[in-house]
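Below: one structure, written as C-alpha cells.
The values are calculated or read from the model by the stated rules, or taken from the named source; none is laboratory data. For clarity, every value in this text was computed on a predicted model and none was experimentally measured. When we count neighbours, we look across all protein chains shown, and the Cβ atoms used for this are built from the backbone with ideal geometry, even at glycine.
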C-alpha cells in the first residue's frame, strides 16, 4: 500500500469568513467571492468556526435477542458556532437579537428596536469559507438559523464578542450542508487509483 501522507493536506485556516443571504439563496460559484445578495458578517475571532455533526439513532429490540436487531438512524444535526467581533454590525445584531435586519436601519445615526418576547423563526442561507494559502474549504447551507447565543459582555480589556450557534436544515432541493474543497496545487490522485490498473 502506498504511503499517501502529505503535510500539504493539513489545513491551517489563515482566514474565516461568514456570509449570509435570504433563505434558499443559491450557492455562489465554488470559491468565487460571494456577490449580492450575499453579505459578509465581518471579523470573526481567531478560533474561526466550530462545525459539528450529531447523529441520533434508535435501537429496535426484539424477543429472543440480547442485541438490537436493527438500528434506525433518526436524525443528523449539523451546527456551526462562531464568535463575531463586530458587536454593532447590523447583520450580527439582527441575528443575535433575532430581528429582521431592516429593524437596524438608523435614522440620523441612531436606531431603537425591541427584542422579541417570543422567538422569531428567522431563517437564512449561509456560506462559511476557510482559507489556507491556495487551499479552500467552503460550507454552504441553504436553510439555517441561530439556535443558541452566548452571553454578551461589553468590556474594557477586549472587544465585545458576539457568539452564536447556527443549526442547518434541508433546503428546498438541497441537503442541509454542502461542502466544497479546493486542493490548490496538491496532487491527490493516489487516493483514487484507477480501476483495473496494474
Fill in: Sole residue being in contact with a helix residue (DSSP H, G or I) (Cβ under 6 Å, 6 or more places away or on another chain) and assigned to a loop (DSSP other than H, G, I, E, B), chosen from 36, 4
4
Fill in: Residue that is surrounded by the most Cβ atoms within 10 Å (Cβ to Cβ), among those in segment 7-19 that are assigned to a helix (DSSP H, G or I) and in contact (Cβ under 8 Å) with a residue 12 or more places away in the chain
8
Worksheet item: Of the residues 84, 51, which single one is under 22 Å from residue 122 (Cα atoms), modelled with pLDDT of 90 or more and touching a helix residue (DSSP H, G or I) at 6+ places or on another chain (Cβ under 8 Å)?
Response: 84
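Taking segment 39-58 on its own, how many of its residues are exposed (fewer than 14 other Cβ atoms within 10 Å of the Cβ) and either part of a helix (DSSP H, G or I) or within 15 Å of the chain's Cα centre (by Cα) (or both)?
5
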Response to the item:
Output for Cβ contacts, cut-off 7 Å, separation at least six or different chains, first residue over 15 Å from residue 144 (Cβ atoms) in segment 174-189, second assigned to a strand (DSSP E or B), reads 180/138; 181/137; 182/135; 182/136; 183/135; 184/135
Worksheet item: When you look at residue 22, is it loosely packed, with under 14 Cβ neighbours inside 10 Å and without any contact (Cβ under 8 Å) to a residue 40 or more places away in the chain, yes or no?
Response: no
